[in-house]
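Student: I'd like to ask you about the structure that follows.
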Amino acid sequence: FDFKINKYLLIDNEKKYIVDINDVTSVYYRRPKLPDLKNILLYPGEKEFLKNEIYYTLEGLYKILRHAFWISPVYSIREAENKIFQQIVAKEIGFDVPDSLITNVPEKAKLFIKMHEDCVIKPIKNGLINNEEEPKIIFTNQISAKHIGNIDGIQSVPTYFQNEIKKESDIRVTVVGKKIFAAEILSQVCEETKTDWRQGEHFELEYKKIKLPCDVEKKCIELMDTLKLNFGAIDFVLNKDGKFIFLEINPNGQWGWIQKRLGFKICEAIVDLLISEGVER
């Protein structure tokens, strides 16, 4: 980055490829990772210093690219990832949402569980535990009155409770710009996937393309606009009464798997949006 002449270049030494950042008109932000420094012979504090230098260089790069069209803006993604904020916005828009409680007060949790009888407990951020020896994932799990005796353990951490929705199926809605790709996941055919369909690792669930009700489509677009996103993967539950219950939105979620399963043209939609919006800038 040469600030004197406003020249900002990205150079790939291996491929002998140079990108002038000032010429970039659109950006697809897809979970960049910092370099792995564990094999470098430095003290932990020195490694932390290097990571911070790289991290804030990237942050500066995002600011230089503020003139471009993004899928999606970094800071919009970060804000939208917060599940507390998601629930507030979804409720304001008018989505049906589960009764939800985040607390580390055992008495509040016990009252909530007794009130709803069947509840679920889920991570506030994501369920990934990065143990080097054995990485783990915490899924959404059922919790009921029989677990109340163990609730006192939540005092050390805020814990996310929701009333359990009796499902007909799960719904994944992928939104690219104003294009909507909706899929029904038949999660209730197996005990393992009834609460959280992502736990079905040992077999393939059936998926179906569906058309969302107009009011749900409209609210999905309004949610995207409110969160200032150009891409989003929205999860709903379809309950026994045929209502779409909003669970959460992943502003930078996976989509390749569902494109392969159902033949959705999500990749084409992303490319088209990057090109069309980039040309206008």
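Student: Among the residues of the range 57-86, which ones are under 30 Å from V237 (Cα atoms), free of Cβ contacts under 8 Å to residues at least 60 places away in the same chain and buried (at least 16 other Cβ atoms within 10 Å of the Cβ)? Quick ask: steps written out before the conclusion?
Tutor: Kept after step one, since they are under 30 Å from V237 (Cα atoms), are these residues of the range 57-86: 70-86.
Of the ones still in play, those that are also free of Cβ contacts under 8 Å to residues at least 60 places away in the same chain are 74-75, 78, 82, 84-85.
Passing the criteria: only V74.
Student: Separate question: Among (1) more than 19 Å from D235 (Cβ to Cβ); (2) touching a helix residue (DSSP H, G or I) at 6+ places or on another chain (Cβ under 9 Å); (3) free of Cβ contacts under 8 Å to residues at least 40 places away in the same chain, there is one condition I54 misses while meeting the rest; what is its number?
Tutor: (2)
Student: Take the residues in the range 209-231 that are assigned to a helix (DSSP H, G or I) and among the basic types (K, R), then tell me which one is nearest to I84 (Cα to Cα). Show your work before the answer.
Tutor: Within the range 209-231, the subset assigned to a helix (DSSP H, G or I) is 214-227.
Remaining after also requiring among the basic types (K, R): 218-219.
Numbers: K218: 22, K219: 18 Å.
This residue is K219.
Student: Using beta carbons and a limit of 9 Å, which pairs, at least six apart or on different chains, have the first residue in the range 129-156 and among the small types (G, A, S) and the second one assigned to a helix (DSSP H, G or I) and open to solvent by 70 Å² or more (accessible area, probe 1.4 Å)?
Tutor: A145/K114
Student: Here's another thing I want to ask about it. Sort out which residues of the range 22-56 are open to solvent by 80 Å² or more (accessible area, probe 1.4 Å), part of a loop (DSSP other than H, G, I, E, B) and aromatic (F, W, Y), and write them in order of number.
Tutor: Scanning the range 22-56 gives a single hit, Y43.
The rows are residues; the columns are (1) surrounded by fewer than 19 Cβ atoms within 10 Å (Cβ to Cβ); (2) among the polar types (S, T, N, Q); (3) out of contact with any Gly (no Cβ under 8 Å at 6 or more places or on another chain).
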site	(1), (2), (3)
N104	yes, yes, yes
C119	no, no, yes
I124	yes, no, yes
E134	yes, no, yes
Q142	yes, yes, yes
A145	yes, no, yes
I148	yes, no, yes
G153	yes, no, yes
G177	yes, no, yes
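The values are calculated or read from the model by the stated rules, or taken from the named source; none is laboratory data. Every value quoted in this text rests on a predicted model; they were computed, and no experiment measured them. Cβ coordinates were reconstructed from backbone atoms using ideal geometry, including for glycine residues, and neighbour counts include every protein chain displayed. We work out accessible area using only protein heavy atoms, side chains counted, and drop any ligands, DNA or RNA first. Shrake-Rupley method; radii C 1.70, N 1.55, O 1.52, S 1.80 Å.
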